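Here is the structure we will look at, set down as structure tokens.
The values are calculated or read from the model by the stated rules, or taken from the named source; none is laboratory data. Worth saying up front: this structure is predicted, and the values here are computed from it rather than measured. Note that each Cβ is placed from the backbone with ideal geometry, even for glycine, and that neighbours are counted across all protein chains shown.
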Amino acid sequence: MSTPALSAEVVAVRLLAAEASAREIDPITDSWSDLSVETAYAIQDSSLERRRARGERLVGLKLGLTSRAKQRQMGVAEPLVAWLTDAMAMPAGDPVPLARLIHPRAEPEIAFVLGRDLKGPGVTAAAAMDAVRSVTAAVEVIDSRFRDYRFTLPDVIADNASSCGFLTGPVTRPAAGLDLSLEACLVSLDGQAFHSATGAAVLGHPGEALAHGANLLARRGLKLEAGWLVLTGALTDAVPLRAGSAATFEFTSLGTIAVSGAA
Ligand code: OOG
Ligand code: MG
């Protein structure tokens, strides 16, 4: 049963307010049980419009739930896309300001910068890799607005896929010469190894994830644009970020990114 009082705009405002005040809310589908994926993307787009109205610039796209590890951890088995703005860029080395966040987690990703537009449908991994200008390691800081990270696919789409911040690695390389399915990342928390995976974790190859992103956008008549940063989805489970703790993400050939939490 749908609740007539809820519209895409009302939900977008509610989610942005939860983010701004660092107060978690119940999943939207608790009160809007037939919320569709299509309407959830309309909520996401409405949030982006509001972020732009307050001066944020669209800088790219993130994929989410592209690995089995994440799909299992979150209980949602379908990849999704969400928007990245310049306000989400976190400077390397700066502690993540935990007091402004709800329950942040950090996760390792392989990211691309596009040299040209990529428009679906029907984009293949090979065509997607042809559009890549450079590859870099990334860490995404996610912070679901939903209590206990409990959500369904439409909820997490509406919440811009738990977007919060992202850091890019110290090395930027052309894709040629890298075997991204074998590019590994070791995730440690306070010096203890927690997770590891290779690029094959995201749909078999990060280029497959990039192609999937272009094809998902095409369903809404949109395309990936030259210059955009694309995060291809976490290779492993996310690790919690807590005050005084430090997470380290060591990639084979793309360098190391360290993230710590500050109260
Ligand atoms: C949803 C966002 C998933 C990824 O890389 O898989 C995501 C979440 O886990 O809260 O960003
Ligand atoms: Mg992510």
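Okay, here's what the table says:
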{"item": "Residues within region 215-235 that are in contact with a Phe, Trp or Tyr (Cβ under 8 Å, 6 or more places away or on another chain) and surrounded by fewer than 24 Cβ atoms within 10 Å (Cβ to Cβ), tallied", "result": "2"}
{"item": "Residue within region 101-111 that is of a type in the set (Val, Ile, Thr), closer than 20 Å to Trp228 by Cα and either surrounded by fewer than 24 Cβ atoms within 10 Å (Cβ to Cβ) or touching a Pro at 6+ places or on another chain (Cβ under 7 Å) (or both) present", "result": "yes"}
{"item": "Candidate set: region 236-250, residues that are away from ligand 2 (no atom under 15 Å from the Cβ) and either part of a helix (DSSP H, G or I) or touching a residue at least 60 places away in the same chain (Cβ under 8 Å) (or both); chosen: the one surrounded by the most Cβ atoms within 10 Å (Cβ to Cβ)", "result": "Thr248"}
{"item": "Condition met for Arg57 (over 17 Å from Ile142 (Cα atoms), within 16 Å of ligand 1 (Cβ to nearest atom) and touching a helix residue (DSSP H, G or I) at 6+ places or on another chain (Cβ under 8 Å))", "result": "no"}
{"item": "Number of the condition not met by Ala82 [criteria: (1) surrounded by fewer than 19 Cβ atoms within 10 Å (Cβ to Cβ); (2) closer than 14 Å to Glu140 by Cα; (3) in contact (Cβ under 8 Å) with a residue 40 or more places away in the chain; (4) in contact with a Gly (Cβ under 9 Å, 6 or more places away or on another chain)]", "result": "(1)"}
{"item": "From Ala176, Ala218, Ala200, Ala214, residue being in contact with a strand residue (DSSP E or B) (Cβ under 6 Å, 6 or more places away or on another chain) and hydrophobic (A, V, I, L, M, F, W, C)", "result": "Ala214"}
{"item": "Qualifying residue in region 129-138 (condition: within 16 Å of ligand 2 (Cβ to nearest atom), in contact (Cβ under 8 Å) with a residue 12 or more places away in the chain and not β-branched (Val, Ile, Thr))", "result": "yes"}
{"item": "Residue check for Ile157: of a type outside the set (Phe, Trp, Tyr), surrounded by 15 or more Cβ atoms within 10 Å (Cβ to Cβ) and in contact with a Ser or Thr (Cβ under 7 Å, 6 or more places away or on another chain)", "result": "no"}
{"item": "Hits in region 251-260 - residues which are surrounded by fewer than 21 Cβ atoms within 10 Å (Cβ to Cβ) and in a strand (DSSP E or B)", "result": "Thr256, Ala258, Ser260"}
{"item": "Given (1) crowded, with 21+ Cβ neighbours inside 10 Å; (2) over 29 Å from Leu15 (Cβ atoms); (3) not aliphatic (A, V, I, L, M), index of the condition Ser188 fails", "result": "(1)"}
{"item": "Some residue of region 103-110 being farther than 28 Å from Leu180 by Cβ and free of Cβ contacts under 8 Å to residues at least 12 places away in the same chain", "result": "no"}
{"item": "Among (1) away from ligand 1 (no atom under 14 Å from the Cβ); (2) under 16 Å from the mean Cα position of the chain (by Cα), the one test that Gly244 misses", "result": "(2)"}
{"item": "Unmet criterion (only one of (1) part of a strand (DSSP E or B); (2) more than 14 Å from ligand 1 (Cβ to nearest atom)) for Glu109", "result": "(2)"}
{"item": "The one condition in (1) at pLDDT 95 or above; (2) at positive phi; (3) away from ligand 1 (no atom under 11 Å from the Cβ) that Gly93 fails to fulfil", "result": "(1)"}
{"item": "Total residues in region 183-210, condition among the aliphatic types (A, V, I, L, M) and either in contact with a helix residue (DSSP H, G or I) (Cβ under 7 Å, 6 or more places away or on another chain) or modelled with pLDDT under 95 (or both)", "result": "5"}
